[in-house]
Amino acid sequence: MSKILIVEDNELNRDMLSRRLARSGYDVVLAVHGEEGIAMAQSEGPDLILMDLSLPVLDGWEATRRIKAGRTTASIPVIGLSAHAMADDEDRARKVGCDDFDTKPIELPRLLDKIEALLQRRPSL
Amino acid sequence: MHTRDERSLAGGGEPSDLPATGVGRPTGTGFAVSTEVPGGRRTHPLVALDYRVRVPAMLIVALTVFSHFLDKPRGPWLWAAIVFTGVVWPQLAHLIASRARDSKRAELANLLFDCFIVGCWTAAVSFSVLPSLMMVSAIVTACLSVGGVRFTLWAVASITAGVLVVGAFTGFRVGTEVSLLTAGLSVAGTFAFTSIFGFHSHIQTRRVVKGRKELADQHRQIQDQYTIIEKALQSALDANDAARAANQAKSIFLANMSHELRTPLNAILGYSEMLLEDAQGNAALVTDLERIRTAGKHLLGLINGVLDLSKIEAGKMKLYLETFNVARVVEEAVGTARPLIQNNGNRFDVRCPEDIGLLREDVTKVRQVLLNLLSNAAKFTEKGVVTLDVWREDRIDGNWVFFRVKDTGIGMTPEQIGNLFLPFTQADSATSRKYGGTGLGLSLCQKYCTMMGGGIQVESEPGRGSAFTVRLPGEIENFDGEASLVRVSTLTKVRIADLAGKGPLPGSPPKVVLVIDDDPSVLDLMQRVCSKAGFRVVTSRSGEEGLRLAREEKPDLITLDVIMPGMDGWTVLETLKKDSSLAAIPVVVVTIADERDRGIALGAIDYFVKPVDHERLLSALGRIRRDRVA
């Protein structure tokens with residue numbers, strides 16, 4: 001079972017997304033801000049990270065940049081999530097190393113496609 | 001005027017009786033202003049001034065000379081000369097000056113003649129000190145005040161000429177005895193002239209002082225006005241800054257609001273979808289949950305519409321131009337819209353020629369416009385007919401592709417049509433209650449069509465139905481897109497029919513296409529499509545191998561998958577573009593991820609999302625073939 005780390009500060013969205021992904025057959029771990037997200041990426045070794053970009057303490061862009069700079073975490077694919085529909089959110093996300101990007105509200109089938117595409121890209125362990 | 005002149009001649013010539021010209025009586029200080037004679041000529045103010053001085057002055061001169069000759073032998077010529085000097089000459093001088101083309105010049109000539117007369121009388125009175133002094137000092141002062149030093153030299157010459165002419169007759173006789181009367185008149189004359197010039201000088205000074213004061217006042221007024229203008233300008237600049245800041249604030253507010261609204265919406269939509277999954281089988285619950293989800297999606301549509309509109313207004317809406325097959329896009333839109341249209345018991349007729357060809361536009365926006373028009377038609381038509389006509393037409397202003405969506409629905413009045421494209425305005429509020437909708441769709445459609453170089457037109461009649469006609473430029477080679485999208489300098493209009501079955505162009509070796517993709521089925525497909533179009537195809541299963549083959553084969557075109565094991569497509573693309581021997585090879589990115597911007601930014605000339613549309617691929621190949629042959 002693939003392990004997905006969700007980094008999301010909004011409680012409702014965190015709960016909803018984690019339950020829906022669990023239903024879709026993923027093992028889900030949670031972090032509520034960027035700092036915690038980096039720590040969990042190191043300790044949990046997830047197969048993929050869903051990173052909300054507007055986060056307290058340390059925002060998603062910076063957290064992604066550090067994850068992609070970390071020796072052990074650099075290879076973990078990251079999908080940036082943003083409720084901003086402005087184009088530069090996506091550009092910024094790509095620049096810091098996000099492998100993919102999606103906008104909220106989430107359309108589950110579309111997100112699942114993106115998750116699968118990235119998971120399949122990783123060399124199977 | 002001349003009659004008045006004659007009258008004043010007869011009456012001894014009081015200056016007050018004789019305005020210099022027909023218009024406007026000169027005031028004490030009024031000689032600065034030229035006056036206009038009825039004929040339209042202007043008389044110099046000097047003429048009037050001199051006249052008023054000359055009449056009394058010459059009279060005094062004449063009287064003084066007359067008194068001098070009272071006890072001396074005299075003849076009629078002398079009397080005539082005295083009368084001429086005292087009475088005739090001032091009037092004659094005025095007449096000459098005011099009729100002359102250049103009145104100032106004529107008046108100066110008169111002054112010189114005054115000098116000549118004075119010179120004559122000076123010699124005639126045997127250079128008697130008092131009368132001579134009175135006459136010469138008066139005329140020299142007058143000339144100095146009117147004409148300055150240079151003119152005064154001429155004046156002295158004239159006086160001398162007068163002295164010489166008369167002196168030749170009198171033998172330059174010098175006499176010293178002066179009668180009491182002559183002495184009195186001379187003294188009185190000197191006194192009068194000194195007073196006149198003194199007074200004149202006083203008036204001049206006063207005018208200068210007054211003029212300075214007026215100038216200072218005007219200067220102050222101008223300063224005040226300048227201050228006011230400066231303040232107004234500053235406040236306009238401030239207002240402009242404020243407006244810019246407000247607009248900036250509005251954009252930030254919209255972005256934030258969009259974020260704040262989307263976050264709870266995310267939860268609403270997500271939970272309602274989860275509950276829907278749980279509630280399968282409970283029909284009543286499913287209906288209610290569907291309603292929650294539909295309302296949530298509607299709200300999302302509104303937020304997106306508002307954002308799109310504000311992006312267009314801020315000039316931040318981008319067009320992603322690509323070449324696409326019109327028939328294919330129409331087919332898609334029809335597939336989506338058909339259930340909506342048929343739900344209301346409508347018939348749906350589509351007339352779109354299969355060979356209508358290609359368009360180069362933002363396909364997402366074209367699709368959005370078509371769907372919007374079709375769903376509008378569906379919404380406002382019941383048990384009627386909705387028709388979609390698509391055609392291509394050559395007009396004077398170029399080649400156009402037209403899309404017409406026609407319905408037999410409720411139609412619109414001219415007033416309703418007038419409001420149609422305004423954001424948030426539906427035909428009227430009753431319509432909006434009955435039919436729902438955001439009222440943003442059509443204004444977005446119109447803005448999109450304008451952005452894409454086309455337009456949208458509407459015809460409608462209440463109760464009869466409406467017809468919306470969209471027009472988009474049909475020439476795929478003539479577009480002013482963003483420069484980054486146009487790496488291939490000229491796009492050649494490609495007809496699929498031209499390409500199919502056409503071998504390599506005569507006289508040139510077949511062009512080489514390098515296909516880099518880890519999916520064998522894609523390699524196979526690309527091989528078939530490209531060889532059919534007359535290309536030699538080299539395939540590679542990985543990025544590393546692809547780079548090696550690119551260096552060996554120097555292909556004319558590379559198609560590149562993004563998601564590959566090992567080295568991914570972005571890295572391959574970057575490496576290609578950094579290598580000077582490979583950078584010129586056009587690269588087409590072919591992938592499942594829609595990241596057009598990134599591909600274009602890295603230097604790809606085109607971007608295809610899988611599954612690849614063969615016709616589009618062929619059109620891209622054709623472009624490259626023609627360009628590189630040329």
Item to complete: Pull up the range B:300-316, narrow it to residues that are touching a residue at least 24 places away in the same chain (Cβ under 8 Å) and closer than 23 Å to A:GLU8 by Cα, then point me to the one that is farthest from the other protein chains (Cβ to nearest Cβ).
Response: B:ILE303
Response to the item:
Scanning the range A:1-20 residue by residue, those within 14 Å of another protein chain (Cβ to nearest Cβ), touching a residue at least 60 places away in the same chain (Cβ under 8 Å) and either in a helix (DSSP H, G or I) or surrounded by fewer than 22 Cβ atoms within 10 Å (Cβ to Cβ) (or both) turn out to be A:ASN13, A:LEU17, A:ARG20
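Name the residue, out of B:VAL165, B:VAL156, B:VAL174, B:VAL129, that is under 18 Å from B:ILE60 (Cβ atoms) and out of contact with any Asp or Glu (no Cβ under 8 Å at 6 or more places or on another chain).
Among B:VAL165, B:VAL156, B:VAL174, B:VAL129, only B:VAL129 is under 18 Å from B:ILE60 (Cβ atoms) and out of contact with any Asp or Glu (no Cβ under 8 Å at 6 or more places or on another chain).
Okay, residues lined up against (1) within 13 Å of chain A (Cβ to nearest Cβ); (2) touching a Leu at 6+ places or on another chain (Cβ under 9 Å):
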{"residue": "B:ASP217", "(1), (2)": "no, no"}
{"residue": "B:GLN223", "(1), (2)": "no, no"}
{"residue": "B:ILE228", "(1), (2)": "no, no"}
{"residue": "B:LEU233", "(1), (2)": "no, no"}
{"residue": "B:LEU237", "(1), (2)": "no, no"}
{"residue": "B:ALA246", "(1), (2)": "no, no"}
{"residue": "B:ILE252", "(1), (2)": "yes, no"}
{"residue": "B:SER258", "(1), (2)": "yes, yes"}
{"residue": "B:ALA267", "(1), (2)": "yes, yes"}
Item to complete: Take B:THR364 and decide whether it is hydroxyl-bearing (Ser, Thr, Tyr) and assigned to a strand (DSSP E or B).
Response: no
Worksheet item: Looking at (1) within 9 Å of chain B (Cβ to nearest Cβ); (2) buried (at least 16 other Cβ atoms within 10 Å of the Cβ); (3) at pLDDT below 90, which is the one condition that is false for A:LYS114?
Response: (3)
Worksheet entry | Filtered residue count, the range B:273-298, keeping only those that are surrounded by 15 or more Cβ atoms within 10 Å (Cβ to Cβ), more than 10 Å from chain A (Cβ to nearest Cβ) and touching a residue at least 24 places away in the same chain (Cβ under 8 Å) | 2
Discussion item. Quick check on the range A:93-114: of everything there that is without any contact (Cβ under 8 Å) to a residue 40 or more places away in the chain and not in a helix (DSSP H, G or I), which residue is farthest from A:MET51 (Cα to Cα)?
Written reply: A:GLU107
Worksheet entry | Number of the exception - A:GLY25 against (1) at pLDDT below 90; (2) over 15 Å from A:ALA83 (Cβ atoms) | (1)
Practice prompt. Scan B:GLU382, B:GLU313 and give me the residue that is at pLDDT below 85, of a type in the set (Asp, Glu), surrounded by fewer than 18 Cβ atoms within 10 Å (Cβ to Cβ) and out of contact with any strand residue (DSSP E or B) (no Cβ under 7 Å at 6 or more places or on another chain).
Written response: B:GLU313
Worksheet entry | When residues of the range B:366-379 are limited to those that are among the polar types (S, T, N, Q) and either more than 21 Å from B:CYS449 (Cα to Cα) or over 39 Å from the mean Cα position of the chain (by Cα) (or both), the one surrounded by the most Cβ atoms within 10 Å (Cβ to Cβ) | B:ASN376
Fill in: Out of B:GLU322, B:GLU273, sole residue that is among the acidic types (Asp, Glu) and closer than 23 Å to A:LEU21 by Cα
B:GLU273
Discussion item. Going by what's in this entry, would B:PHE324 be described as away from chain A (no Cβ under 11 Å) and in a strand (DSSP E or B)?
Written reply: yes
Fill in: Residue selected from the range A:49-67 under the condition of a type outside the set (Asp, Glu) and within 14 Å of another protein chain (Cβ to nearest Cβ), by the criterion surrounded by the fewest Cβ atoms within 10 Å (Cβ to Cβ)
A:PRO56
Response to the item:
Only one of B:PHE197, B:PHE127 is at positive phi and among the hydrophobic types (A, V, I, L, M, F, W, C), namely B:PHE127
Worksheet item: Consider B:ILE516 against the criteria (1) surrounded by fewer than 15 Cβ atoms within 10 Å (Cβ to Cβ); (2) modelled with pLDDT of 70 or more: it satisfies all of them except one. Which criterion is unmet?
Response: (1)
Practice prompt. From (1) in a helix (DSSP H, G or I); (2) out of contact with any Phe, Trp or Tyr (no Cβ under 7 Å at 6 or more places or on another chain); (3) surrounded by 15 or more Cβ atoms within 10 Å (Cβ to Cβ), pick out the condition that doesn't hold for B:CYS143.
Written response: (2)
Item to complete: Would you check if B:ALA124 is more than 25 Å from B:VAL47 (Cα to Cα), buried (at least 20 other Cβ atoms within 10 Å of the Cβ) and either touching a His at 6+ places or on another chain (Cβ under 7 Å) or not aromatic (Phe, Trp, Tyr) (or both)?
Response: yes
Worksheet entry | One residue from B:VAL522, B:VAL529 being in contact with a His (Cβ under 6 Å, 6 or more places away or on another chain), crowded, with 16+ Cβ neighbours inside 10 Å and at pLDDT below 80 | B:VAL529
Worksheet item: Which of (1) within 22 Å of B:ARG598 (Cα to Cα); (2) within 11 Å of chain B (Cβ to nearest Cβ); (3) of a type outside the set (Ser, Thr, Tyr) does A:ARG92 not meet, given it meets every other one?
Response: (2)
Practice prompt. Could you check how many residues of the range B:177-204 are among the hydroxyl-bearing types (Ser, Thr, Tyr) and either under 14 Å from B:THR64 (Cα atoms) or outside any helix (DSSP H, G or I) (or both)?
Written response: 4
Worksheet item: Do any residues in the range B:365-384 that are of a type in the set (Lys, Arg) have Cβ atoms under 7 Å from those of residues that are in a helix (DSSP H, G or I), where the two are at least six apart or on different chains, and which pairs are they?
Response: B:LYS365/B:TYR448; B:ARG367/B:VAL329; B:ARG367/B:GLU332; B:ARG367/B:ALA333; B:LYS379/B:TYR435
Fill in: Considering residues of the range A:22-43 that are touching a residue at least 24 places away in the same chain (Cβ under 8 Å) and either among the β-branched types (Val, Ile, Thr) or farther than 16 Å from A:THR64 by Cα (or both) only, the residue farthest from the other protein chains (Cβ to nearest Cβ)
A:ILE38
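The values are calculated or read from the model by the stated rules, or taken from the named source; none is laboratory data. None of these values were measured; they are calculated from a predicted model. Glycine also receives a Cβ, built like all others from the backbone with ideal geometry; neighbour counts cover every protein chain displayed.
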